[in-house]
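In what follows, a single structure is set out as structure tokens and then discussed.
The values are calculated or read from the model by the stated rules, or taken from the named source; none is laboratory data. What you see is a predicted model; the values in this text were computed from it and never measured. Neighbour counts run over all protein chains shown; Cβ positions are idealised from the backbone, glycine included. Quick note on the areas: whole protein, heavy atoms, side chains included, nothing else; ligands and nucleic acids left out. Shrake-Rupley method; radii C 1.70, N 1.55, O 1.52, S 1.80 Å.
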Amino acid sequence: MSLIETFFNWSVFVGALPALLEGLWITILLGTVSIVAGMVTGLLTALARLYGPTPLQTVARIYIDVLRSIPLLVLLVLVYYALPFVGIRMSSFVSAAVAITMVSCAYTAEIFRAGIEAVPKGQFEAADAIGLSFIRSMRYVVLPQAFRIVTPPLTSNCINVLKDTALASVVAMPDLLKQATQAQALAANPTPLIGAAFLYLLILLPLVRLVSYFESNHRRNTH
Amino acid sequence: MSALIQIEKLRKSYGVVEVLHDIDLEVQSGEVVVVVGPSGSGKSTLIRCINLLEEYQGGTIRVDGNKVQRGADLSKVRAEVGMVFQSFNLFPHLTAMNNVALGPLRVRGAHRAEAERLALELLEKVGLAAHAHKYPAQLSGGQQQRVAIARALAMQPKVLLFDEPTSALDPEMVGEVLEVMQSLAKTGVTMVIVTHEMGFARRVANRVVFMEAGRVVEQGVPELFFNAPKEARTQAFLKAVLQH
């Protein structure tokens, strides 16, 4: 059997394509849910870490440190295989979304914290001086500026989250990777794996380009 | 009638270092008070205490009878005290118009159309109506500071505080900012101004306050203050700054 037939077998590819596309859809869905949930909770965690009452700040700091230390795969296995022992049973999709969101939240919180801290002190003072409440000065003055600062690292984090969704295949999530390994077993041919790798690249390469674009844009604007 | 700003026995320290010692100062409604003194004399710190950008450790400050302190009423007090900063501190992500309109919109809850009309009116007043759509980065330092003055005015404050408003400006832009301030003073706005511009103080102030090492050393009307200062330290300071 030639190399082409082994790795780029057209009929195997066509046969596996529906399954691969189904997996791609689940990967994108899981990624999107985790990214959005991670950003919202990450922002709240950053605000708690920076401005909460002291006990809340401590809790937020510990959460961020622990979740950035634990390997995602370990957390995922804990959520899916260990939690049922205490009566918490979640589907593989929810387990994966929860685990990925928890980790993404910690990273996003650190990104937002750095962004908020990079907004000059004078901006906070000017907002205070016109009488804006804390929430409004965040909403209208500080966060719009912080968002601009953190767009490149935030996009970078989105890429990591999307890539991490592949780990969900270990908890029997029929995501892109899982579909590909199943199709490979079925056809006794690695072409579906190549196809999956290609599909990952198809969605992630543009995002990687986007980060580079943001970064060079950011450099231009700050010089 | 009681004074608009009443400062009594104000003490402020950074850690163990006390930078303001028992300051007493009153500002009447409509008065223009210029605070002068050497760098590090505490004059900026003093006016930053008036809207609690700096916490103070002792004494009281009242604005229009309301005590300036942490708590639910702080935003209300701050809305009545406009401030212009040395480094402008315009919001870089908003146009000149939106910088000015933000306070009316988000503090006083005005409608957008009303807030924008007011903003345009105030930008007109500081001579920048044609630049309303520009972002701060597209404006010169002097223009930015004039927008900042319009922004402070937009809250229709009872008093305006100026913290060295011309110190960060290129020399050729100082005049346009002082001009705007002078015309404001004529309209009866209460102003407390920290500045090194002695000529401006002489022309515009109703009263000049001289601070040194965290104390008010001397105060008086400009003619007496500049021509016949009583205290030796005032004389030394004036001699140093007026010589060149």
Quiz prompt | Where Rh is the Kirkwood radius over Cα pairs, Rg/Rh for the protein assembly as shown | solution = 1.16
Practice problem: Find the eigenvalues of the gyration tensor of the Cα atoms of the range B:162-227, then list the square roots of 5 times those eigenvalues as equivalent ellipsoid semi-axes, largest first, in whole angstrom. | Solution: 20, 15, 11
Practice problem: With everything on Cα atoms, drop me the angle between helix A:92-118 and the longest principal axis of chain A, reported from 0 to 90° to the nearest 10. | Solution: 40
Quiz item: Once amide H atoms are built 1.01 Å from N in the peptide plane, which residues 5 or more positions from residue B:218, or in another chain, come under 5 Å H to H?
Solution: B:210
Exercise. Compute the convex hull volume of the Cα atoms of chain B, divide it by the residue count, and report the result per residue in Å³ as a whole number.
Key: 132
Practice problem: May I ask you to derive the FRET efficiency for residue A:204 and residue B:129 from their Cβ-Cβ distance with R0 = 45 Å, giving the value to the nearest 0.05? | Solution: 0.40
Self-check item: Cross-link pairs A:121/B:125; B:125/B:186; A:121/B:158; B:76/B:158; A:121/B:9 - those with Cα-Cα distance over 20 Å
Solution: A:121/B:125; A:121/B:158; A:121/B:9
Quiz item: Quick one: if you stick a label point 7 Å off each Cα along the C-beta vector at residue A:66 and residue A:94, how many nm between them?
Solution: 2.2
Self-check item: Mean shadow area of the range B:1-110, taken as a quarter of the surface of its Cα convex hull (nm²)
Solution: 8.7
Exercise. Please state, rounded to one decimal and in Å, the Kirkwood hydrodynamic radius that the range A:106-180 gives when every pair of distinct Cα atoms enters the mean of 1/r.
Key: 14.6
Quiz prompt | residue B:28/residue A:59 FRET efficiency (R0 51 Å; Cβ-Cβ; nearest 0.05) | solution = 0.55
Exercise. Pull up the cross-link candidates among the aspartates and glutamates for residue A:178, meaning alpha carbon to alpha carbon under 17 Å and not fewer than 8 places away within one chain.
Key: A:22, A:164
Practice problem: Using only atoms on other chains, find how many Cβ atoms lie within 10 Å of each Cβ of peptide B:88-98 and report the average. | Solution: 4
Self-check item: Computed [θ] at 222 nm, deg cm²/dmol, chain A (DSSP H ≥ 4; -39,500 (n - 2.57); rounded to nearest 500)
Solution: -26500 deg cm²/dmol
Quiz item: Which whole number in µm²/s is D for the range B:61-176 by Stokes-Einstein, with the Kirkwood Rh taken over Cα pairs at 4 °C and 1.567 mPa s?
Solution: 89
Quiz item: To the nearest 10 square angstrom, what accessible area does residue B:135 show with a 1.4 Å probe?
Solution: 100
Self-check item: Whole-Hz couplings from phi, Karplus 6.51/-1.76/1.60, listed for the range B:163-172; x for Gly and Pro
Solution: 9, 6, x, 10, 5, 9, 9, 5, x, 6
Practice problem: Between the alpha-carbon centers of the range B:108-135 and the range A:140-215, tell me the distance in whole angstrom. | Solution: 46
Practice problem: Determine, for each peptide in A:80-90, B:15-25, the mean count of other beta carbons within 10 angstrom over its residues, then list the peptides with the highest first. | Solution: B:15-25, A:80-90
Self-check item: the range A:59-161: radius of gyration and largest Cα-Cα distance (Dmax), Å
Solution: 17.7, 54
Quiz item: What whole-number value in cubic angstrom gives the convex hull volume per residue for the C-alpha atoms of chain A?
Solution: 148
Quiz item: Taking only C-alpha pairs under 8 Å that are 6+ residues apart, what is the relative contact order of chain A in percent?
Solution: 32
Quiz item: Dividing the convex hull volume of the Cα atoms of the range A:9-85 by its residue count, what figure in Å³ per residue is obtained?
Solution: 140
Quiz item: How much FRET efficiency would the formula 1/(1 + (r/R0)^6) give for residue B:215 and residue A:50, where r is the Cβ-Cβ distance and R0 is 41 Å, rounded to 0.05?
Solution: 0.65
